[in-house]
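A.B. asks: One structure, as structure tokens, below. Some questions next.
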Amino acid sequence: SAHAPVMADVAAFAGAGGPVLGICNGFQILTEAGLLPGALHRNEGLHFICKDVHLTVEGQPTPFTAGLAGRVIKVPVAHHDGNYHADAETRAALEGEGRVLFRYCLPTGEVDPAANPNGSLGNIAGICNAAGNVVGMMPHPERCAEPLLGNTDGLAVFEAALKQLGA
């Protein structure tokens, strides 16, 4: 919950420049807590969606996307409230400042409404804050980070973080 006592510590950590990644409901919590702009609404069509999608990685480098720009990754989604919305001013700022990090796309990397599983504005699947240290994304890279899972594309998000943190 965005109002859980731990969120004060998360906000302080993020405010001090600490890397924060919110996946799926975590993305929703980051928006509700005011650490990221916008909101996640019910999926267009009001159905739960569970399937693999393709994402194009773009925008400014963050601890979770450094070195990944221009890459297309296949990542699962599993959500009912994944439809990202923001007002026109916020969306213009996100786009202009390179804060849209992930977009739903075709396997070729083309951003197309047909690739958008939930109705998110601009096919947005993930964003970051102005400082670039707080990242929210609806798809689940942790569900495709091991060969045993049949896909390792999500591992790149975590490897980028390890490189940025010097681990």
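The values are calculated or read from the model by the stated rules, or taken from the named source; none is laboratory data. Nothing here was measured: the structure is a model prediction, and the numbers come from that model. In this analysis, Cβ positions are derived from the backbone assuming ideal geometry, glycine residues included, and neighbour counts consider all displayed protein chains. In case anyone asks, the SASA skips ligands and DNA or RNA and just uses the protein heavy atoms, side chains included. Shrake-Rupley method; radii C 1.70, N 1.55, O 1.52, S 1.80 Å.
A.B. asks: I'd like the residue in the stretch 150-167 that is in contact (Cβ under 8 Å) with a residue 40 or more places away in the chain and among the polar types (S, T, N, Q) and, out of all such residues, is least open to solvent (accessible area, probe 1.4 Å).
C.D. replies: 151
Okay, residues lined up against (1) buried (at least 17 other Cβ atoms within 10 Å of the Cβ); (2) at pLDDT 95 or above; (3) under 30 Å from residue 11 (Cα atoms):
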position	(1), (2), (3)
125	yes, yes, yes
128	yes, yes, yes
131	no, yes, yes
148	no, no, no
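A.B. asks: List every residue pair whose Cβ atoms sit under 6 Å apart, with the two residues 6 or more apart in sequence or on different chains, where the first one lies in the stretch 37-64 and is at positive phi and the second, anywhere, is in a loop (DSSP other than H, G, I, E, B) and among the small types (Gly, Ala, Ser).
C.D. replies: 38/86; 59/98
A.B. asks: Another question, then. Restricting to the stretch 47-67, give me the number of residues that are closer than 24 Å to residue 106 by Cβ, of a type in the set (A, V, I, L, M, F, W, C) and surrounded by fewer than 20 Cβ atoms within 10 Å (Cβ to Cβ).
C.D. replies: 3
A.B. asks: Among the residues of the stretch 89-123, count how many are touching a residue at least 24 places away in the same chain (Cβ under 8 Å), within 13 Å of residue 72 (Cβ to Cβ) and open to solvent by 40 Å² or more (accessible area, probe 1.4 Å).
C.D. replies: So the answer is 4.
A.B. asks: Looking at the stretch 78-99, which of its residues are over 27 Å from residue 51 (Cα atoms) and charged (D, E, K, R)?
C.D. replies: Matches in the stretch 78-99: 87, 89, 97.
A.B. asks: Taking interchain pairs and intrachain pairs at least six residues apart, which have beta carbon atoms under 6 angstrom, with the first residue in the stretch 65-84 and more than 14 Å from residue 25 (Cβ to Cβ) and the second of a type in the set (Ser, Thr, Tyr) and part of a strand (DSSP E or B)?
C.D. replies: Close Cβ pairs satisfying both conditions: 72/56.
A.B. asks: I'm trying to understand the selection: among the residues of the stretch 10-52, which are part of a loop (DSSP other than H, G, I, E, B) and within 15 Å of the chain's Cα centre (by Cα)?
C.D. replies: 19, 24, 35, 36, 37, 38
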